[in-house]
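Here is the structure we will look at, set down as C-alpha coordinates.
The values are calculated or read from the model by the stated rules, or taken from the named source; none is laboratory data. Predicted model, so just to flag it, every value in this text is computed and none were measured. Methodologically, a virtual Cβ is constructed for each residue, glycine included, from the backbone with ideal geometry; neighbour enumeration extends over all protein chains shown.
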Amino acid sequence: MSQPAALPADDDPIGPATPIYRLVPVEQCEPLDGAWMFGSGAFDNSSEEGFENEMSVVLGDTLVLLDRDPSDLPQRAYADQPERWGVAVLEAGCITDVNEQTIHRTPTEHERAHGDVRGNKNSKRRRRLKKCATWVIPPAAPVP
Amino acid sequence: MQSSLLYGPCDSSSSSAVLHSTWSPYPSIWGRPEPRKIEVQRRQALWLGAVILSLGRLARLPDDWDRRGARAVNFDDVRDALVFLQRVMHDDTAAPSIGPLSSGGIELRWRTDGLEVEAIFDRRREETVLAVIAGSNETEEPIHSAEKLFADIADRLAAPAPDRA
(Lines give C-alpha, C1' and ligand atoms only; values in the text may rest on other atoms or scores of the structure.)
Protein backbone atom coordinates (compact mmCIF):
# COMPACT_ATOMS: atom_id res chain seq x y z
CA MET A 1 0.00 0.00 0.00
CA SER A 2 1.49 3.35 -1.02
CA GLN A 3 2.13 6.02 1.59
CA PRO A 4 0.79 9.54 0.99
CA ALA A 5 3.53 11.95 -0.06
CA ALA A 6 4.90 14.20 2.68
CA LEU A 7 3.54 17.74 2.47
CA PRO A 8 5.93 20.70 2.26
CA ALA A 9 7.10 22.32 5.47
CA ASP A 10 5.63 25.76 6.09
CA ASP A 11 8.94 27.42 5.24
CA ASP A 12 9.66 25.38 2.09
CA PRO A 13 10.19 27.69 -0.91
CA ILE A 14 7.45 28.11 -3.52
CA GLY A 15 8.81 27.87 -7.05
CA PRO A 16 8.00 30.61 -9.58
CA ALA A 17 6.10 28.21 -11.84
CA THR A 18 3.84 26.98 -9.02
CA PRO A 19 0.14 27.49 -9.80
CA ILE A 20 -1.57 29.62 -7.18
CA TYR A 21 -5.37 29.36 -7.04
CA ARG A 22 -7.71 32.11 -5.92
CA LEU A 23 -11.42 31.57 -5.23
CA VAL A 24 -13.40 34.42 -6.80
CA PRO A 25 -16.97 35.27 -5.71
CA VAL A 26 -19.50 36.07 -8.40
CA GLU A 27 -20.01 39.52 -6.85
CA GLN A 28 -16.53 40.44 -8.09
CA CYS A 29 -17.20 39.25 -11.64
CA GLU A 30 -18.96 40.98 -14.50
CA PRO A 31 -20.66 39.52 -17.56
CA LEU A 32 -18.53 39.95 -20.66
CA ASP A 33 -19.52 38.44 -24.03
CA GLY A 34 -21.78 35.92 -22.32
CA ALA A 35 -19.20 34.75 -19.79
CA TRP A 36 -18.00 35.79 -16.35
CA MET A 37 -14.88 37.96 -16.17
CA PHE A 38 -13.26 38.77 -12.84
CA GLY A 39 -12.48 42.35 -11.81
CA SER A 40 -9.28 43.45 -10.16
CA GLY A 41 -11.14 43.65 -6.84
CA ALA A 42 -11.04 39.85 -6.80
CA PHE A 43 -7.33 40.04 -5.99
CA ASP A 44 -7.52 42.03 -2.79
CA ASN A 45 -6.49 41.49 0.80
CA SER A 46 -8.94 40.37 3.44
CA SER A 47 -10.68 42.99 5.57
CA GLU A 48 -10.85 40.67 8.55
CA GLU A 49 -9.13 42.17 11.58
CA GLY A 50 -5.60 40.84 11.89
CA PHE A 51 -5.52 39.60 8.29
CA GLU A 52 -5.68 42.90 6.40
CA ASN A 53 -2.31 42.31 4.74
CA GLU A 54 -3.17 38.89 3.32
CA MET A 55 -5.00 37.42 0.37
CA SER A 56 -6.08 33.79 0.81
CA VAL A 57 -4.99 31.36 -1.91
CA VAL A 58 -4.54 27.63 -2.46
CA LEU A 59 -1.08 26.35 -3.40
CA GLY A 60 -0.89 24.15 -6.47
CA ASP A 61 2.17 22.15 -5.45
CA THR A 62 0.51 21.01 -2.24
CA LEU A 63 -2.72 20.19 -4.06
CA VAL A 64 -0.77 17.83 -6.34
CA LEU A 65 0.78 16.09 -3.34
CA LEU A 66 -2.71 15.72 -1.88
CA ASP A 67 -3.79 14.17 -5.20
CA ARG A 68 -6.45 16.82 -5.61
CA ASP A 69 -7.72 18.95 -8.46
CA PRO A 70 -8.45 22.74 -8.25
CA SER A 71 -11.81 22.36 -9.94
CA ASP A 72 -13.48 21.14 -6.75
CA LEU A 73 -12.24 24.02 -4.57
CA PRO A 74 -15.61 25.86 -4.57
CA GLN A 75 -17.41 22.68 -3.46
CA ARG A 76 -14.90 22.04 -0.68
CA ALA A 77 -14.76 25.62 0.59
CA TYR A 78 -18.38 26.73 0.13
CA ALA A 79 -20.46 23.58 -0.10
CA ASP A 80 -23.73 25.48 0.43
CA GLN A 81 -23.29 27.74 -2.64
CA PRO A 82 -20.42 26.44 -4.79
CA GLU A 83 -21.98 27.88 -7.95
CA ARG A 84 -21.23 31.39 -6.72
CA TRP A 85 -17.46 30.84 -6.80
CA GLY A 86 -14.97 30.46 -9.59
CA VAL A 87 -11.31 29.50 -9.45
CA ALA A 88 -8.61 31.68 -11.02
CA VAL A 89 -4.99 30.60 -11.39
CA LEU A 90 -1.90 32.81 -11.22
CA GLU A 91 1.71 31.75 -11.57
CA ALA A 92 3.69 32.32 -8.37
CA GLY A 93 6.45 34.20 -10.19
CA CYS A 94 3.95 36.61 -11.71
CA ILE A 95 2.58 37.37 -8.22
CA THR A 96 5.98 37.99 -6.66
CA ASP A 97 6.92 40.29 -9.55
CA VAL A 98 4.27 42.69 -8.22
CA ASN A 99 5.69 45.12 -5.63
CA GLU A 100 5.89 43.84 -2.05
CA GLN A 101 4.01 40.58 -2.71
CA THR A 102 5.25 37.40 -1.02
CA ILE A 103 3.63 33.96 -0.90
CA HIS A 104 3.47 31.88 2.28
CA ARG A 105 2.37 28.38 3.19
CA THR A 106 -0.35 28.69 5.84
CA PRO A 107 -2.17 25.33 6.04
CA THR A 108 -5.41 25.29 7.98
CA GLU A 109 -7.54 22.54 9.46
CA HIS A 110 -9.95 22.79 6.51
CA GLU A 111 -7.44 23.40 3.70
CA ARG A 112 -4.01 21.84 3.98
CA ALA A 113 -2.97 23.56 0.75
CA HIS A 114 -3.90 27.01 2.06
CA GLY A 115 -1.52 29.90 1.49
CA ASP A 116 -1.45 33.68 1.75
CA VAL A 117 -0.19 36.37 -0.60
CA ARG A 118 1.05 39.06 1.77
CA GLY A 119 1.70 42.70 0.99
CA ASN A 120 -0.27 45.90 0.48
CA LYS A 121 -2.53 45.74 -2.57
CA ASN A 122 -3.49 49.13 -3.90
CA SER A 123 -5.58 49.36 -7.05
CA LYS A 124 -2.52 49.36 -9.33
CA ARG A 125 -1.20 46.17 -7.75
CA ARG A 126 -4.62 44.53 -7.89
CA ARG A 127 -4.75 45.28 -11.62
CA ARG A 128 -1.32 43.72 -12.08
CA LEU A 129 -2.44 40.61 -10.21
CA LYS A 130 -5.54 40.45 -12.39
CA LYS A 131 -3.34 40.47 -15.48
CA CYS A 132 -1.56 37.39 -14.10
CA ALA A 133 -4.83 35.49 -13.73
CA THR A 134 -6.92 33.22 -15.92
CA TRP A 135 -9.90 31.05 -15.09
CA VAL A 136 -9.56 27.43 -14.15
CA ILE A 137 -13.33 27.39 -13.82
CA PRO A 138 -15.60 30.44 -13.83
CA PRO A 139 -18.53 30.55 -11.39
CA ALA A 140 -21.25 28.07 -12.40
CA ALA A 141 -23.97 30.65 -11.62
CA PRO A 142 -25.79 31.70 -14.81
CA VAL A 143 -24.40 34.80 -16.53
CA PRO A 144 -27.13 37.51 -16.68
CA MET B 1 -31.62 44.50 8.79
CA GLN B 2 -30.55 44.88 5.19
CA SER B 3 -29.68 48.16 3.55
CA SER B 4 -31.66 49.47 0.63
CA LEU B 5 -31.32 52.06 -2.08
CA LEU B 6 -34.58 53.25 -3.60
CA TYR B 7 -35.07 55.61 -6.52
CA GLY B 8 -37.76 58.22 -5.97
CA PRO B 9 -40.43 59.23 -5.37
CA CYS B 10 -39.73 62.29 -7.44
CA ASP B 11 -41.44 65.16 -9.15
CA SER B 12 -41.75 64.17 -12.81
CA SER B 13 -41.48 67.78 -13.92
CA SER B 14 -38.12 68.13 -12.22
CA SER B 15 -34.77 67.27 -13.73
CA SER B 16 -33.56 65.93 -10.41
CA ALA B 17 -34.66 63.14 -8.11
CA VAL B 18 -33.66 61.74 -4.77
CA LEU B 19 -32.32 58.31 -3.91
CA HIS B 20 -33.71 57.26 -0.56
CA SER B 21 -31.52 54.91 1.34
CA THR B 22 -31.45 53.06 4.62
CA TRP B 23 -27.87 52.08 5.08
CA SER B 24 -27.15 49.68 7.91
CA PRO B 25 -23.57 50.78 8.61
CA TYR B 26 -25.12 54.01 9.95
CA PRO B 27 -27.66 52.83 12.52
CA SER B 28 -29.47 55.39 14.64
CA ILE B 29 -29.32 55.16 18.42
CA TRP B 30 -32.75 53.46 18.27
CA GLY B 31 -31.29 50.51 16.42
CA ARG B 32 -32.93 51.36 13.10
CA PRO B 33 -30.92 52.44 10.09
CA GLU B 34 -30.82 56.16 9.62
CA PRO B 35 -32.35 57.20 6.25
CA ARG B 36 -29.77 58.71 3.93
CA LYS B 37 -30.38 60.56 0.71
CA ILE B 38 -28.46 61.20 -2.48
CA GLU B 39 -29.77 63.79 -4.88
CA VAL B 40 -29.61 62.73 -8.51
CA GLN B 41 -29.46 65.51 -11.07
CA ARG B 42 -29.10 63.57 -14.31
CA ARG B 43 -32.46 61.82 -14.65
CA GLN B 44 -32.29 61.81 -18.46
CA ALA B 45 -28.99 59.97 -18.60
CA LEU B 46 -29.23 56.52 -20.18
CA TRP B 47 -26.82 55.02 -17.69
CA LEU B 48 -28.59 56.14 -14.52
CA GLY B 49 -31.12 53.30 -14.21
CA ALA B 50 -28.48 50.60 -14.63
CA VAL B 51 -26.18 52.29 -12.13
CA ILE B 52 -28.92 52.55 -9.52
CA LEU B 53 -29.88 48.90 -10.01
CA SER B 54 -26.26 47.85 -9.52
CA LEU B 55 -25.82 50.01 -6.44
CA GLY B 56 -29.09 48.70 -5.02
CA ARG B 57 -27.76 45.13 -5.35
CA LEU B 58 -24.51 46.11 -3.64
CA ALA B 59 -26.44 47.81 -0.83
CA ARG B 60 -27.96 44.45 0.08
CA LEU B 61 -24.60 42.73 0.58
CA PRO B 62 -24.10 42.02 4.28
CA ASP B 63 -20.83 42.15 6.16
CA ASP B 64 -18.65 39.13 5.28
CA TRP B 65 -20.36 38.72 1.88
CA ASP B 66 -17.20 37.05 0.56
CA ARG B 67 -16.84 34.74 3.62
CA ARG B 68 -13.39 36.27 4.10
CA GLY B 69 -14.33 39.22 6.29
CA ALA B 70 -15.38 41.71 3.61
CA ARG B 71 -17.25 44.78 4.82
CA ALA B 72 -20.68 45.88 3.69
CA VAL B 73 -20.55 48.59 1.04
CA ASN B 74 -19.90 52.05 2.43
CA PHE B 75 -22.64 54.61 1.73
CA ASP B 76 -20.12 57.45 1.38
CA ASP B 77 -18.28 55.58 -1.37
CA VAL B 78 -21.58 55.09 -3.22
CA ARG B 79 -22.40 58.78 -2.90
CA ASP B 80 -18.89 59.75 -4.08
CA ALA B 81 -19.29 57.50 -7.13
CA LEU B 82 -22.67 58.97 -8.06
CA VAL B 83 -21.35 62.50 -7.69
CA PHE B 84 -18.41 61.64 -9.93
CA LEU B 85 -20.57 59.97 -12.58
CA GLN B 86 -22.95 62.90 -12.71
CA ARG B 87 -20.02 65.23 -13.15
CA VAL B 88 -18.19 63.43 -15.95
CA MET B 89 -20.58 61.11 -17.83
CA HIS B 90 -22.35 62.07 -21.02
CA ASP B 91 -26.02 61.14 -21.26
CA ASP B 92 -25.15 58.37 -23.73
CA THR B 93 -22.10 57.00 -21.95
CA ALA B 94 -22.34 53.26 -21.26
CA ALA B 95 -23.15 52.31 -17.69
CA PRO B 96 -20.16 50.89 -15.85
CA SER B 97 -20.06 47.47 -14.22
CA ILE B 98 -19.93 48.02 -10.48
CA GLY B 99 -18.42 45.61 -7.99
CA PRO B 100 -17.69 45.63 -4.28
CA LEU B 101 -14.24 45.76 -2.69
CA SER B 102 -13.50 43.82 0.47
CA SER B 103 -12.90 47.11 2.31
CA GLY B 104 -16.47 48.33 1.69
CA GLY B 105 -15.37 50.47 -1.24
CA ILE B 106 -16.62 50.04 -4.80
CA GLU B 107 -15.00 49.58 -8.19
CA LEU B 108 -16.52 50.87 -11.44
CA ARG B 109 -15.36 49.39 -14.75
CA TRP B 110 -15.88 50.16 -18.42
CA ARG B 111 -14.45 48.04 -21.23
CA THR B 112 -14.35 48.81 -24.92
CA ASP B 113 -12.11 47.56 -27.68
CA GLY B 114 -8.58 48.22 -26.53
CA LEU B 115 -9.57 50.35 -23.54
CA GLU B 116 -10.28 49.58 -19.90
CA VAL B 117 -11.34 52.22 -17.42
CA GLU B 118 -11.51 51.64 -13.70
CA ALA B 119 -12.71 54.04 -10.99
CA ILE B 120 -12.07 53.18 -7.34
CA PHE B 121 -14.00 54.74 -4.46
CA ASP B 122 -12.53 53.50 -1.21
CA ARG B 123 -12.53 56.02 1.63
CA ARG B 124 -11.49 53.46 4.21
CA ARG B 125 -8.17 52.94 2.44
CA GLU B 126 -8.00 56.55 1.27
CA GLU B 127 -7.94 55.50 -2.35
CA THR B 128 -10.16 57.24 -4.89
CA VAL B 129 -8.61 57.03 -8.34
CA LEU B 130 -9.47 56.80 -12.02
CA ALA B 131 -7.29 54.55 -14.15
CA VAL B 132 -7.33 54.36 -17.94
CA ILE B 133 -5.60 51.31 -19.37
CA ALA B 134 -4.87 51.17 -23.10
CA GLY B 135 -2.74 48.13 -23.88
CA SER B 136 0.39 48.41 -21.76
CA ASN B 137 -0.17 52.14 -21.09
CA GLU B 138 -1.80 52.94 -17.78
CA THR B 139 -2.73 56.46 -16.64
CA GLU B 140 -4.00 57.05 -13.13
CA GLU B 141 -5.39 60.24 -11.57
CA PRO B 142 -6.97 61.00 -8.20
CA ILE B 143 -10.74 61.24 -8.72
CA HIS B 144 -10.85 64.89 -7.67
CA SER B 145 -8.66 65.84 -10.64
CA ALA B 146 -9.74 63.17 -13.12
CA GLU B 147 -12.35 65.11 -15.12
CA LYS B 148 -10.01 65.84 -18.02
CA LEU B 149 -8.73 62.26 -18.13
CA PHE B 150 -12.31 60.97 -18.32
CA ALA B 151 -13.31 63.63 -20.86
CA ASP B 152 -10.47 62.48 -23.13
CA ILE B 153 -11.95 58.98 -23.40
CA ALA B 154 -15.68 59.59 -22.78
CA ASP B 155 -16.62 59.44 -26.47
CA ARG B 156 -15.12 55.95 -26.69
CA LEU B 157 -17.39 54.79 -23.86
CA ALA B 158 -20.67 55.60 -25.61
CA ALA B 159 -23.33 52.93 -25.16
CA PRO B 160 -23.92 50.75 -28.26
CA ALA B 161 -26.95 51.71 -30.30
CA PRO B 162 -29.36 49.01 -28.95
CA ASP B 163 -28.87 50.36 -25.40
CA ARG B 164 -30.09 53.76 -26.54
CA ALA B 165 -33.43 52.53 -27.78
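Can you report the number of residues in segment A:104-118 which are out of contact with any Lys or Arg (no Cβ under 7 Å at 6 or more places or on another chain) and in contact (Cβ under 8 Å) with a residue 60 or more places away in the chain?
Qualifying residue count for the region: 7.
Let me confirm something: among B:GLU147, B:GLU116, B:GLU138, B:GLU107, which residue is within 11 Å of chain A (Cβ to nearest Cβ), charged (D, E, K, R) and farther than 21 Å from A:GLU27 by Cβ?
Details: B:GLU147 fails: within 11 Å of chain A (Cβ to nearest Cβ); B:GLU116 fails: farther than 21 Å from A:GLU27 by Cβ; B:GLU107 fails: farther than 21 Å from A:GLU27 by Cβ.
One residue alone meets the criteria, B:GLU138.
Can you tell me which residues in segment A:25-39 are outside any strand (DSSP E or B), more than 7 Å from chain B (Cβ to nearest Cβ) and closer than 11 Å to B:GLY99 by Cβ?
Of everything in segment A:25-39, just one residue is outside any strand (DSSP E or B), more than 7 Å from chain B (Cβ to nearest Cβ) and closer than 11 Å to B:GLY99 by Cβ, namely A:VAL26.
Just one of B:ALA81, B:ALA95 is farther than 29 Å from A:GLU48 by Cα, modelled with pLDDT of 90 or more, crowded, with 20+ Cβ neighbours inside 10 Å and out of contact with any Asp or Glu (no Cβ under 6 Å at 6 or more places or on another chain); which is it?
On the way: B:ALA81 fails: farther than 29 Å from A:GLU48 by Cα.
Every option except B:ALA95 fails the conditions.
For the condition in contact with a Phe, Trp or Tyr (Cβ under 8 Å, 6 or more places away or on another chain), modelled with pLDDT of 95 or more and either farther than 21 Å from A:ILE137 by Cα or crowded, with 17+ Cβ neighbours inside 10 Å (or both), what is the one hit in A:ALA88, A:ALA92, A:ALA113?
A:ALA88
Considering only strands (runs of 3 or more DSSP E) fully contained in segment A:78-144, which possess at least 1 residues that are farther than 18 Å from A:ALA42 by Cα, more than 14 Å from chain B (Cβ to nearest Cβ) and not β-branched (Val, Ile, Thr)?
Working: elements: A:85-91, A:102-105, A:114-118, A:134-137.
Because the criterion is at least 1 residues that are farther than 18 Å from A:ALA42 by Cα, more than 14 Å from chain B (Cβ to nearest Cβ) and not β-branched (Val, Ile, Thr), the strands (runs of 3 or more DSSP E) in segment A:78-144 that meet it are A:102-105.
Applying the selection to segment A:40-77, what residues are at the interface with another protein chain (Cβ under 10 Å from one of its Cβ atoms), part of a helix (DSSP H, G or I) and surrounded by fewer than 20 Cβ atoms within 10 Å (Cβ to Cβ)?
Correct list: A:ALA77 only.
If we scan segment B:88-98, do we find a residue that is of a type outside the set (A, V, I, L, M, F, W, C), in contact (Cβ under 8 Å) with a residue 60 or more places away in the chain and in a strand (DSSP E or B)? It would help to see each step written out before you state the result.
Residues of segment B:88-98 that are of a type outside the set (A, V, I, L, M, F, W, C), as a first pass: B:90-93, B:96-97.
When the remaining residues are screened for being in contact (Cβ under 8 Å) with a residue 60 or more places away in the chain, the result is B:90, B:92-93.
If we keep only those that are in a strand (DSSP E or B) too, we end up with B:93.
Looking through segment B:88-98, at least one residue is of a type outside the set (A, V, I, L, M, F, W, C), in contact (Cβ under 8 Å) with a residue 60 or more places away in the chain and in a strand (DSSP E or B).
Could you check B:ARG68 against (1) within 9 Å of chain A (Cβ to nearest Cβ); (2) in contact with a helix residue (DSSP H, G or I) (Cβ under 7 Å, 6 or more places away or on another chain) and say which number it fails?
Against the list (1) within 9 Å of chain A (Cβ to nearest Cβ); (2) in contact with a helix residue (DSSP H, G or I) (Cβ under 7 Å, 6 or more places away or on another chain), B:ARG68 comes up short only on (2).
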